[in-house]
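I have placed the structure first, in the form of structure tokens, so that the comments after it can refer back to it.
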Amino acid sequence: MPAIRVLPEEVVNRIAAGEVVERPASAVKELVENALDAGARRIGVTLAGGGRGLILVEDDGCGIPAEELPLAVRRHATSKLADDTLVRIATLGFRGEALPSIAAVARLAITSRPPGADSAFTLVVEGERVEGPRPSAGRPGTRVEVRDLFRRTPARLKFLRSERAELQAALEVVERLALARPEVGFVLEAEGRRLLDLAPAEGERLERTARRAIALLGRDLARDLVEVEAERDGIRLFGLLGLPTAARSDPGAQFLVVNGRPVQDRLLKSALKAAYGDLLAAGRHPVAALFLELPPERVDVNVHPAKIEVRFADPGTVRGLVIGSLRRALAEHGQRTAGRIATAALGTFRPGSTTFAGRPPSPSLPRGLAETAAAFQAPLAPLPPAAPPGAVEPPAEPDPAAYPLGAARAQLHDSYILAQTADGLVIVDQHAAHERIVFEKLKAGLAEGGVARQVLLLPEVVELGPGEREALLERTDELLALGLAIEPFGPGAVLVREVPAVLGERPSGELVRALAKELASLGSLFTLEAAIGRVAATAACHGSVRAGRRLSLAEMDALLRQMERTPGAGQCNHGRPTWIELKRADIERLFARR
Amino acid sequence: MKLAIERAALLRSLGHVQNVVERRTTIPILNNVKLVGGDGLELVATDLDLTLLAREPAEVGRRGATTVPAHTLFDIVRKLPEGATVTLEQQPGSAELELRAGRSRFVLPTLPVDDFPAIGGEELEVRFEIAPGDLVKLIDKARFAISTEETRYYLNGIHFHVAGAGATRTLRGVATDGHRLARIEVALPPGAERMPPVIVPRKTVGELRKLVEGVEEPVRVAVSASRIELTAGGARLLSRLIDGTFPDYERVIPTNNERIAVLATKAFAEAVDRVATISMEKARPIKLAFETGRVTVSAVSPEQGRAEEELDCVWQGEPLEIGFNARYVLDMVAQVEGPELRIEMANAAAPTVVKDPADPALLFVLMPMRV
């Protein structure tokens with residue numbers, strides 16, 4: 001049996017480095033955060049070899065005085081904690097681990113010149129050897145150079161992904177920080193290419209955030225964003241939400257920022273998902289940039305070494321605030337569909353891309369024939385309106401200006417409704433639209449009449465993990481309201497006595513287990529609501545006006561009016577858009593009038 | 001093989017055995033029906049779990065066996081004119097079967113008969129005969145309650161077992177889907193005393209029911225813990241049984257429900273059906289409100305309005321309100337042939353027992369719905 005020994009500091013540092021710096025992207029994150037904490041206005045990042053060869057971060061921040069440079073690379077030495085309580089943390093970093101951890105696994109050179117100082121000083125660290133600080137040339141601010149990352153820890157090097165993947169990860173890290181701090185300019189270069197060039201964004205906070213978000217996520221998203229702003233109990237939430245129809249198949253376009261710190265918090269992610277709820281098809285992820293600000297003492301950021309997870313003092317309030325305000329914001333914009341879709345439609349309309357019957361007659365035709373062709377292609381003279389037999393008074397034609405979705409003008413292919421609005425044209429997919437209306441009605445019915453519960457002949461025993469059983473039993477009353485009756489059954493299990501009748505014969509075990517997991521980790525009952533919602537959605541699909549059914553103008557107008565009254569009418573239950581709009585200006589552009 | 005057979009006889013047996021042939025299978029031989037010309041024509045089709053055999057008289061010129069696509073052969077025979085005589089011939093060494101009828105001629109590809117899955121297995125130790133009427137009753141009254149939920153495979157069939165002791169022993173058929181249960185009893189056929197408890201899968205139950213249709217002589221049953229074989233008329237059925245344990249259902253049948261209602265079967269079924277028109281929901285909830293001398297059937301739907309209907313009913317004591325899934329009620333009442341229905345309840349959340357006073361062999365349990 002070998003004797004117990006205290007590990008040398010070098011080994012301790014390398015172990016700690018494994019927690020803080022697991023890949024080049026994490027080193028980039030630590031360094032850029034340092035720059036932000038230093039009050040930088042512009043930050044430049046240069047990478048080579050996916051960050052393995054070189055990471056260079058330059059800022060124009062407050063710099064480090066020469067005499068403090070040796071301290072900067074000592075473990076648990078930091079300027080960011082004023083006292084020792086860890087309660088009020090207002091900076092991104094505070095653990096004093098970043099620089100020493102990086103120094104433990106790479107060659108590190110720090111050049112810094114506080115504004116007002118005469119010259120810069122450079123400190124070079126290689127493993128245990130510290131050189132300097134010695135005077136050098138440098139602009140005000142700090143420049144940190146990291147070379148040969150992980151060269152001294154081959155085990156880590158082996159687990160790195162390709163250069164390309166590491167570069168992508170580093171880019172994402174910088175993008176997230178850039179979105180969190182739109183007032184700071186960012187430049188990222190790699191292998192001589194400029195991958196990111198963001199000028200400091202101007203304007204009010206929401207405005208500059210929007211600018212930064214659009215710069216990062218792409219211009220075509222600009223029309224599909226909804227602003228959200230809310231405050232409750234000293235917690236402020238603001239940000240931008242993508243319309244459900246602008247959702248993506250990967251969750252990469254979700255930026256969550258807590259007190260200026262980009263996080264990957266599960267509570268916030270699940271709240272985001274719950275807020276969209278049935279507006280999204282399975283496997284679609286909303287686009288969102290959400291910023292949460294709360295007093296530092298009400299959030300614990302010291303949960304994860306890389307600080308990507310946080311703990312809230314009152315998760316319930318945060319969750320409620322996020323879901324509530326997001327739902328409200330989405331409901332207000334329920335009528336809007338993604339403008340991008342209309343743009344795509346416009347693209348297909350582009351003159352020249354399609355052959356129209358009304359093409360000018362070919363000059364090679366003999367004169368007489370050409371004239372005939374022109375007359376043939378001229379629009380028909382309008383027919384005099386025929387009085388309907390039986391002389392029923394036609395319903396008064398709605399004024400297009402009076403309604404957001406306008407007045408129905410015609411039906412195309414027995415499937416699409418064409419409506420004229422005050423300043424454009426709306427095309428409605430009748431099946432998708434009606435399906436949404438039926439679904440919302442069914443849901444309202446469920447909410448109003450309560451959920452009928454089928455009592456089980458053979459109550460089902462469901463085994464649960466520790467904590468899950470208690471989490472579930474605590475919410476017995478709410479579960480009952482959603483149709484699920486459970487009671488304790490020995491340690492680690494519950495007995496299911498009644499299930500939501502709409503779910504039919506489906507075994508409850510799986511549902512209950514999923515619910516318990518969700519409750520234990522997130523505190524929500526989303527799974528159960530969703531399961532009931534899905535049945536309603538299927539029923540809605542079958543009870544709807546299908547494509548291919550001919551509708552009268554009055555029926556079409558009635559459908560348009562119902563859509564205007566229905567929350568979330570902008571997309572069907574499968575997440576497809578229910579209508580698109582072409583503005584009059586768009587139409588005029590098609591004909592080159594603008 | 002060479003033989004001649006009446007179209008009607010061939011159609012009857014083919015129509016029966018081809019039911020078991022899956023239209024899509026990855027094993028080509030399972031698309032085929034096996035034809036054996038010996039003493040008459042024997043037809044065999046299988047999906048590996050269930051095998052159907054039929055025998056018809058035929059004039060066999062040359063003995064032999066082959067397999068041909070079952071659905072194609074069935075469609076051909078179905079379209080032949082009535083009263084035709086069909087000849088089937090496969091030349092020795094040929095991979096084709098020639099079918100002739102009148103002036104029609106078809107040539108069908110065959111697969112080697114040796115590739116056809118062998119049926120049989122271990123000895124079926126318990127053998128007995130059962131009256132076709134009893135078998136029909138056991139199936140018809142119970143099958144509505146069979147579960148279709150595949151994760152609870154042990155409920156996907158009818159559970160047959162011997163119940164009781166001594167002279168009052170019975171053969172029981174039980175089915176449940178966890179929301180309702182049907183329990184049917186018939187007199188224990190002699191020889192069935194040692195029958196192990198079995199669960200006959202739903203698909204087999206369906207084919208079995210067709211097999212005994214119109215049969216008058218006793219049905220021969222041979223059974224082991226894992227397989228069952230039934231012979232009726234000229235046809236035979238062999239099936240695997242569900243390998244599982246049926247739940248201890250007796251535990252959930254209450255014996256002392258004291259709130260008892262007696263009402264007219266037909267009028268009740270019609271009233272429930274009418275009132276349920278309102279509840280368009282998938283679960284179709286209805287409410288029964290019992291009070292002295294009458295019951296009110298009602299339904300409420302946020303979308304479709306309200307409905308209620310009053311019926312005469314024997315009822316004593318405090319009123320009771322209880323909810324049910326209308327579909328479950330109708331399924332069950334349809335099994336009661338007697339003029340009256342006896343409903344035994346405890347409260348609005350406990351198992352409710354339904355009986356046919358005219359036929360003590362029937363018992364149903366229905367779980368309420370909390371509306």
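Normalised by the number of residues in region B:77-164, the average gap of Cα pairs under 8 Å and 6 or more apart makes the relative contact order 13 percent.
With both labels modelled 7 Å from their Cα along Cα-to-Cβ, the B:Glu308 to A:Glu332 distance reads 4.6 nm.
A Förster radius of 60 Å, combined with the Cβ-Cβ distance separating B:Glu213 from A:Gln264, puts the computed FRET efficiency at roughly 0.40. Within region B:346-364, name every residue whose backbone N is under 17 Å away from a label modeled 7 Å from Cα of B:Gln316 along the Cβ vector. Of the residues in region B:346-364, B:346 have backbone N under 17 Å from the label point off B:Gln316.
Placing a pseudo-label 7 Å from each Cα along the Cα-to-Cβ vector at B:Asp75 and B:Glu129 gives an inter-label distance of 4.2 nm.
For chain B, modelled as a GNM whose springs connect Cα atoms under 10 angstrom apart, the maximal fluctuation among B:Val86, B:Val126, B:Val107 occurs at B:Val107.
Look at the alpha carbon pairs under 8 Å that are at least 6 residues apart: their mean separation over the length of region B:160-222 gives a relative contact order of 27 percent.
Taking every C-alpha pair closer than 8 Å and separated by at least 6 residues, the mean separation divided by the residue count of chain B gives a relative contact order of 12 percent. For region A:412-426 versus region A:467-494, the spacing of their alpha-carbon centroids is 50 Å. Taking 0.36 nm per residue of sequence separation and removing the Cα-Cα distance, the B:Arg251/B:Arg220 pair yields an extension gain of 7.9 nm. Distance from the C-alpha centroid of region A:28-64 to that of region B:304-371: 76 Å, rounded to the whole angstrom. With 21 Å as the limit, the listed pairs A:Lys269/A:Lys443; A:Lys29/A:Lys273; B:Lys266/B:Lys355; A:Lys441/A:Lys583; A:Lys273/A:Lys443; B:Lys141/B:Lys210 have A:Lys269/A:Lys443; A:Lys29/A:Lys273; A:Lys441/A:Lys583 beyond it between alpha carbons. The slack in the chain from A:Glu463 to A:Asp414, taken as 0.36 nm per residue of separation less the alpha-carbon distance, amounts to 12.4 nm. Annotation: lysines with alpha-carbon distance below 26 angstrom to B:Lys2 (same-chain offsets under eight excluded): B:Lys34, B:Lys79. The calculated FRET efficiency for the pair A:Ile4 and A:Glu126, based on their C-beta separation and a Förster distance of 35 Å, comes to about 0.70. Placing one equal scatterer on every Cα of chain B and applying the Debye formula, the log10 ratio I(q)/I(0) at q = 0.14 Å⁻¹ is -1.10. Projecting label points 7 angstrom from Cα along Cα→Cβ for B:Glu96 and A:Glu68 puts them 9.7 nm apart.
Ranked by how many other Cβ atoms sit within 10 Å of their own Cβ, fewest first, the residues A:Val32, B:Val365 fall in the order B:Val365, A:Val32. Using every pair of separate Cα atoms, the Kirkwood estimate puts the hydrodynamic radius of region B:238-327 at 15.3 angstrom.
Legend: calculated FRET efficiency, A:Glu309 to B:Tyr153, from the Cβ-Cβ distance at R0 = 35 Å, rounded to 0.05, equals 0.25. Summarising the strand pairing of region A:201-291, around 80 percent of its internal DSSP beta bridges are antiparallel. P(r) tail for region B:1-149: Cα pairs beyond 26 Å make up 33% of the total.
Taking a sphere under 11 Å around the Cβ of B:Ala84 and counting the other residues whose Cβ falls inside, with K and R at +1 and D and E at -1, yields a net charge of +2. Which residues among region B:113-143 fall inside the zone where the amide N is under 19 Å from a point 7 Å beyond the Cα of B:Glu193, along Cα→Cβ? Residues B:125-131 fall inside that zone. For trypsin sites (Lys or Arg not before Pro), the sites in region B:126-225 that DSSP calls loop and that have at most 11 other Cβ atoms within 10 Å are B:Arg194. Relative to the longest principal axis of the Cα atoms of chain B, the long axis of helix B:7-17 lies at roughly 50 degrees.
All of the numbers you see were taken from the coordinates with simple rules; none came from a lab. Small disclaimer: the values here were computed from a predicted structure and weren't measured. FYI the Cβ positions are ideal-geometry reconstructions off the backbone, even for glycines, and counts take in every protein chain you see.
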